[in-house]
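S.K.: I'd like to ask some things about the structure below.
The values are calculated or read from the model by the stated rules, or taken from the named source; none is laboratory data. No experiment lies behind these values; they were computed from the predicted model shown. Quick reminder, even Gly has a Cβ in these numbers, built from the backbone with ideal geometry, and neighbours come from all protein chains shown.
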Number of protein chains: 2
Amino acid sequence: MKNGIENGYYHEITPGGFGIAIKAGKILFSKQSDFQKVEVFETESDLGRVLTLDDLMMTTEGDEYHYHEMIAHIPMMQHKNPETVLVIGGGDGGTVREVLKHKTVKKVVLCEIDGMVIDACKEFLPTIACELDNPKVEILVQDAIEYIKDKKDEFDIVLIDSTDPMGPGEGLFTDEFYTNVKNSLKKGGIMVAQSESPFAQSQSVEKMYKQLKKVFPICSTYTSNIPTYPGGYWAWAFCSVDVEPLTYFAQDRYEDILKTCKIYNKDYHNARFALPNYLKKLL
Amino acid sequence: MKNGIENGYYHEITPGGFGIAIKAGKILFSKQSDFQKVEVFETESDLGRVLTLDDLMMTTEGDEYHYHEMIAHIPMMQHKNPETVLVIGGGDGGTVREVLKHKTVKKVVLCEIDGMVIDACKEFLPTIACELDNPKVEILVQDAIEYIKDKKDEFDIVLIDSTDPMGPGEGLFTDEFYTNVKNSLKKGGIMVAQSESPFAQSQSVEKMYKQLKKVFPICSTYTSNIPTYPGGYWAWAFCSVDVEPLTYFAQDRYEDILKTCKIYNKDYHNARFALPNYLKKLL
């Protein structure tokens with residue numbers, strides 16, 4: 001079975017032979033960009049509308065907060081004063097929306113290689129893309145590999161909200177790229193990168209952490225449930241030069257963040273870094 | 001799309017319109033028992049063999065430890081001296097296998113209504129059913145609703161490893177049944193019941209906890225990832241008359257348990273009780 005929509009169902013099956021199925025409705029947008037196939041479709045499900053890239057699940061209206069709250073608030077709440085944030089990838093805008101909930105933030109740079117993703121999400125996924133026109137947001141439609149090359153001490157937080165390590169996202173999983181991201185961080189800065197499914201993509205996870213550990217003196221992992229990603233379980237790398245995970249919590253911002261979140265709370269935050277044995281072995 | 005195997009794929013789609021798909025292989029066993037359709041099939045996937053009941057996913061060789069370690073060790077490690085354990089349902093034997101890792105255990109009663117499930121698992125899922133012939137195990141092929149009625153102060157731990165609240169499992173989700181389970185517990189006893197998917201079956205979860213809270217003075221919830229259940233996320237109810245969760249940890253048994261587990265460790269154990277906001281609201 002091919003990934004994508006066929007006979008009324010969207011399928012995404014991992015190389016391991018299992019995955020997800022969603023009852024599909026009307027296709028709202030489907031075009032080949034310079035980089036990938038960009039598609040938004042309605043579903044006849046609780047998940048609402050779905051964004052796929054090259055027939056791989058990116059996000060759904062119904063469960064997007066699982067991913068976006070985790071990639072954003074876990075690092076943001078561990079930074080004392082995050083003012084400048086870089087989001088790499090993330091053209092749907094969900095990560096930017098969560099980052100802007102932190103009142104300390106003065107500027108968010110969104111560096112997305114594919115302008116078609118941004119345009120499609122603004123039109124068809126407005127609850128996710130709703131903050132992309134915020135005046136604090138600078139949108140750069142360009143390759144983050146080039147953008148990051150000469151940046152020194154610019155960002156408090158860098159969030160790598162990329163696709164999988166194949167296709168346009170491939171260059172975002174290299175030693176050279178990670179080194180450039182490290183150099184772009186200010187003192188006390190944190191990088192978080194999505195790091196695939198520990199259960200369904202264990203080889204990718206293993207490879208990625210080997211690279212990250214070569215570059216960052218501090219490299220930890222946290223995980224959470226994503227209902228529409230293979231295996232329902234996802235990992236993020238928490239990397240820094242000088243910030244150990246769970247050593248600081250921004251209590252002064254907590255109430256504001258908590259009241260807007262469907263997942264995130266302080267206990268849940270702390271619990272994210274407790275990993276199952278099989279994942280510890282991989283890392 | 002109907003649940004079950006068609007055109008080479010097994011599908012389980014929730015009423016919410018999304019679910020899982022697995023590349024299916026040879027059907028090894030498929031019969032209608034007095035209670036349900038019992039099926040074991042090979043998959044062409046990392047999941048190995050699969051057991052379904054009425055075309056609903058019960059367990060797979062490839063991910064069964066996610067469920068069985070969580071239903072067993074979370075309560076067992078919070079009991080000072082679990083000697084007698086009752087498992088209701090659980091005919092595949094995975095929960096019994098995990099319970100028997102605790103050296104304190106003298107007797108496990110497995111009360112499974114459908115003998116065909118036990119027989120099929122012994123034949124086709126030997127890595128899961130491997131401890132069902134252990135002399136400490138008493139297997140009762142009977143309705144747990146009847147069995148539990150006159151039991152007083154008999155069990156240290158009761159584990160309800162049931163199917164969903166429809167079909168043969170329905171009577172295991174009632175006030176009367178929970179009251180009888182409560183009465184069957186010894187002082188310091190703990191009941192854990194599988195309590196469905198917080199994301200994909202939120203109405204079932206809400207209803208079940210309302211009932212449990214009427215019966216048990218202490219009723220808490222823990223969750224973990226199950227790759228092959230809808231939404232990839234599962235909840236268990238932790239109920240007791242006198243044991244608050246996370247107030248005791250059996251350090252003396254820990255090393256023995258830890259070395260045999262693919263998921264379970266002490267940090268992960270503690271983190272299970274930190275819940276996302278949307279689930280807290282449901283409870």
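S.K.: Take B:Thr223 and tell me if it is closer than 20 Å to B:Leu159 by Cβ, β-branched (Val, Ile, Thr) and within 13 Å of chain A (Cβ to nearest Cβ).
M.R.: Yes: the conditions hold for B:Thr223.
S.K.: Out of the residues in the stretch A:18-41 that are surrounded by fewer than 20 Cβ atoms within 10 Å (Cβ to Cβ) and small (Gly, Ala, Ser), which is farthest from A:Gly171 (Cα to Cα)?
M.R.: Across the stretch A:18-41, the extreme among qualifying residues is A:Gly25.
S.K.: Residue check, A:Glu98 against (1) among the acidic types (Asp, Glu); (2) part of a loop (DSSP other than H, G, I, E, B); (3) in contact with a Cys (Cβ under 9 Å, 6 or more places away or on another chain), all met but one. Which one?
M.R.: (2)
S.K.: So A:Pro82 clears everything in (1) in a loop (DSSP other than H, G, I, E, B); (2) facing chain B (nearest Cβ under 10 Å) except one condition, right? Which one?
M.R.: Looking at each condition in turn, A:Pro82 falls short on (2).
S.K.: So, restricting to helices (runs of 4 or more DSSP H) that lie completely within the stretch B:238-283, which ones have at least 1 residues that are small (Gly, Ala, Ser) and either facing another protein chain (nearest Cβ under 8 Å) or surrounded by fewer than 18 Cβ atoms within 10 Å (Cβ to Cβ) (or both)?
M.R.: Details: elements: B:251-258, B:266-271, B:277-282.
Those helices (runs of 4 or more DSSP H) span B:266-271.
S.K.: In the stretch B:75-98, which residues are among the aliphatic types (A, V, I, L, M), crowded, with 24+ Cβ neighbours inside 10 Å and over 20 Å from B:Asp164 (Cβ atoms)?
M.R.: The initial filter retains those residues of the stretch B:75-98 that are among the aliphatic types (A, V, I, L, M), namely B:76-77, B:85-88, B:96.
Retained after the next criterion (residues that are crowded, with 24+ Cβ neighbours inside 10 Å): B:76, B:85-88, B:96.
Result: B:Met76, B:Val85, B:Leu86, B:Val96.
S.K.: Given the stretch A:135-217, what strands (runs of 3 or more DSSP E) lie entirely inside it while holding 2 or more residues that are hydrophobic (A, V, I, L, M, F, W, C) and surrounded by fewer than 21 Cβ atoms within 10 Å (Cβ to Cβ)? Show your work before the answer.
M.R.: Details: elements: A:137-141, A:155-161, A:185-194.
Passing ranges, in order: A:137-141.
S.K.: Sticking with this structure for a sec: Under 7 Å between Cβ atoms, which residue pairs at least 6 apart in sequence (or on different chains) link something in the stretch A:99-114 that is under 18 Å from A:Lys80 (Cβ atoms) with a partner that is surrounded by fewer than 22 Cβ atoms within 10 Å (Cβ to Cβ) and hydroxyl-bearing (Ser, Thr, Tyr)?
M.R.: A:Lys101/A:Thr260; A:Lys106/A:Thr84; A:Lys107/A:Thr84
S.K.: Right, next: Any residue at all in the stretch B:4-13 that is surrounded by 20 or more Cβ atoms within 10 Å (Cβ to Cβ), of a type in the set (A, V, I, L, M) and within 24 Å of B:Arg272 (Cα to Cα)?
M.R.: Scanning the stretch B:4-13 turns up no residue that is surrounded by 20 or more Cβ atoms within 10 Å (Cβ to Cβ), of a type in the set (A, V, I, L, M) and within 24 Å of B:Arg272 (Cα to Cα).
S.K.: Filter the stretch A:135-192 down to residues that are over 25 Å from A:Val117 (Cα atoms) and among the aliphatic types (A, V, I, L, M) and give me whichever is nearest to the chain's Cα centre (by Cα).
M.R.: Within the stretch A:135-192, the match that is nearest to the chain's Cα centre (by Cα) is A:Ile190.
S.K.: Let me ask you something else. Within the stretch B:191-203, can one find any residue that is out of contact with any Pro (no Cβ under 6 Å at 6 or more places or on another chain), free of Cβ contacts under 8 Å to residues at least 24 places away in the same chain and within 26 Å of A:Ile226 (Cα to Cα)? Quick ask: steps written out before the conclusion?
M.R.: Step one: list which residues in the stretch B:191-203 are out of contact with any Pro (no Cβ under 6 Å at 6 or more places or on another chain), which gives B:191, B:193-196, B:198, B:201-203.
Still in the running and free of Cβ contacts under 8 Å to residues at least 24 places away in the same chain: B:203.
Next, only the ones that are within 26 Å of A:Ile226 (Cα to Cα) stay: B:203.
Within the stretch B:191-203, one or more residues are out of contact with any Pro (no Cβ under 6 Å at 6 or more places or on another chain), free of Cβ contacts under 8 Å to residues at least 24 places away in the same chain and within 26 Å of A:Ile226 (Cα to Cα).
S.K.: Kindly indicate which of B:Gly171, B:Gly91 is of a type outside the set (S, T, N, Q), under 30 Å from B:Lys26 (Cα atoms) and assigned by TED's automatic domain parsing to the domain that holds B:Ala235. Walk me through how you get there before you give the answer.
M.R.: Values: B:Gly171 fails: under 30 Å from B:Lys26 (Cα atoms).
Being of a type outside the set (S, T, N, Q), under 30 Å from B:Lys26 (Cα atoms) and assigned by TED's automatic domain parsing to the domain that holds B:Ala235 holds for just one of B:Gly171, B:Gly91, which is B:Gly91.
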